[in-house]
Amino acid sequence: MPRRGARAAKWRISVVKWLLRETYPMAVDAAARRSAAAGGGHRPRHVALIMDGNGRWAARRGLPRTSGHEAGVRAVSSVLDGALEEGIEYLSLFIFSTENWNRPSAEVNALMRLAEEASESFEGHVERGVRFWWLGSEARLSPTVIRALHEAEERTRAGRAMTVAFCFNHGGRDEIVRTAAVLARRAATGGLDPEVIDEPLFARHLPLPDLPDIDMLIRTSGEQRISNFMLWRAAYAEFFFVDTLWPDFTGDQLRALITAFAARKRRFGTV
Ligand code: IPE
Ligand code: IPE
Ligand code: MG
């Protein structure tokens, strides 16, 4: 009888331990998200933009698609102004997706050239404290493009006013698969116990782990889809779809959407 009692007590302790291990990190994470959403007058900390519509903007003017992409880079300037004025901490720009390699090679090459020059187009913003991070894969990129993206990060690393993530050669599934591969390699070599893999640990191994979850996700050009963008970090984003084609989008429009965001009720699964 006492042996059975001891066995039952041991079993109860292991159930409690299991419950703590499984639910505690999620509860801490959810509480942090709730307080972030409630604080500071409900302002987004991380705004992400799916900058779509460059091709249609050019077609309407009888111009080649590449002119649309050049106009798209010019539009970024006004958006950075708006985001700085709003005190946005993190701004992500979806510039080239892992699926965009399927476009004609002349267009892909033009987009590569724009990426090489991108950070130099925003010197004034760098002086105002903008720093650039690159979120994306090196796969298929030329060494010149990789070097230019790393140099932009290096040159602007002191900036503290706002972090701008260039999502270039980025795919939401790609970053999840690469993260899974990193963890699998560590587990295979005995450096990681698979039992301890949970959501916070997985998030800490994503590329750019310091880039927080997206609060506000805007897509221009009237399309209403995510197109494989930051799938992990978009889990609880508020979505905004606007008809404006990207080259016509302005910092003032961004500011109006940030005001609309403040009226959204975020619940994170609670009542
Ligand atoms: C977005 O504009 C920029 C990139 C995807 C590189 P698009 O080039 O997709 O423009 P549309 O959608 O064809 O108008
Ligand atoms: C998404 O736009 C990618 C970028 C804005 C960089 P796309 O124009 O490539 O998306 P789909 O193909 O219409 O879904
Ligand atoms: Mg498009």
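Any residue at all in the range 157-167 that's within 16 Å of ligand 3 (Cβ to nearest atom), assigned to a helix (DSSP H, G or I) and in contact (Cβ under 8 Å) with a residue 12 or more places away in the chain?
Let us first name the residues in the range 157-167 that are within 16 Å of ligand 3 (Cβ to nearest atom), namely 167.
Now drop any that are not assigned to a helix (DSSP H, G or I), which leaves none.
No - not one qualifying residue is present in the range 157-167.
Mind listing whichever residues of the range 49-65 are near ligand 1 (Cβ under 6 Å from one of its atoms) and among the small types (G, A, S)?
Matches in the range 49-65: G53, G55.
Looking at L149, L91, which one is away from ligand 2 (no atom under 14 Å from the Cβ), under 20 Å from the mean Cα position of the chain (by Cα) and in a helix (DSSP H, G or I)?
L149
Is one or more of the residues making up the range 109-127 within 16 Å of ligand 3 (Cβ to nearest atom) and under 23 Å from the mean Cα position of the chain (by Cα)?
Checked the range 109-127: at least one residue is within 16 Å of ligand 3 (Cβ to nearest atom) and under 23 Å from the mean Cα position of the chain (by Cα).
Take the conditions more than 18 Å from E175 (Cβ to Cβ), among the hydrophobic types (A, V, I, L, M, F, W, C) and either at pLDDT below 95 or touching a Cys at 6+ places or on another chain (Cβ under 6 Å) (or both) and apply them to V271. Does it pass?
The answer is yes for V271.
If I filter the range 71-81 down to residues being crowded, with 17+ Cβ neighbours inside 10 Å and closer than 17 Å to L245 by Cβ, which single residue comes out as nearest to ligand 3 (Cβ to nearest atom)?
Top of the filtered list is G72.
Could you please give the count of residues in the range 221-246 that are within 25 Å of H42 (Cβ to Cβ) and under 16 Å from the mean Cα position of the chain (by Cα)?
So the count comes out to 13.
Restricting to the range 248-261, name every residue that is aliphatic (A, V, I, L, M) and over 20 Å from the mean Cα position of the chain (by Cα).
A256, A260
For residues that are within 19 Å of the chain's Cα centre (by Cα) and farther than 20 Å from W232 by Cα, scanning just the range 157-172, find the one that is surrounded by the most Cβ atoms within 10 Å (Cβ to Cβ).
Ranking the candidates gives M162 first.
Per-residue answers, yes or no, for (1) crowded, with 20+ Cβ neighbours inside 10 Å; (2) small (G, A, S); (3) in contact with a strand residue (DSSP E or B) (Cβ under 8 Å, 6 or more places away or on another chain); (4) in contact (Cβ under 8 Å) with a residue 24 or more places away in the chain:
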{"site": "I50", "(1), (2), (3), (4)": "yes, no, yes, yes"}
{"site": "W57", "(1), (2), (3), (4)": "yes, no, no, yes"}
{"site": "F94", "(1), (2), (3), (4)": "yes, no, yes, yes"}
{"site": "V108", "(1), (2), (3), (4)": "no, no, no, no"}
{"site": "E127", "(1), (2), (3), (4)": "no, no, no, no"}
{"site": "S142", "(1), (2), (3), (4)": "no, yes, no, yes"}
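Give the residue, chosen from D210, D252, that is touching a residue at least 12 places away in the same chain (Cβ under 8 Å), more than 15 Å from ligand 2 (Cβ to nearest atom), among the charged types (D, E, K, R) and not in a strand (DSSP E or B).
Numbers: D210 fails: touching a residue at least 12 places away in the same chain (Cβ under 8 Å).
Only one candidate passes the filter, namely D252.
Considering every residue within the range 180-203, establish whether at least one is in contact (Cβ under 8 Å) with a residue 60 or more places away in the chain and under 15 Å from the mean Cα position of the chain (by Cα).
no
Would you be able to tell me the number of residues in the range 227-236 that are loosely packed, with under 15 Cβ neighbours inside 10 Å and within 11 Å of ligand 2 (Cβ to nearest atom)?
Number satisfying all stated conditions: 1.
The values are calculated or read from the model by the stated rules, or taken from the named source; none is laboratory data. Quick caveat: nothing in here was measured; it's all calculated off a predicted structure. Backbone-built Cβ (ideal geometry, glycine too); neighbour counts: all protein chains shown.
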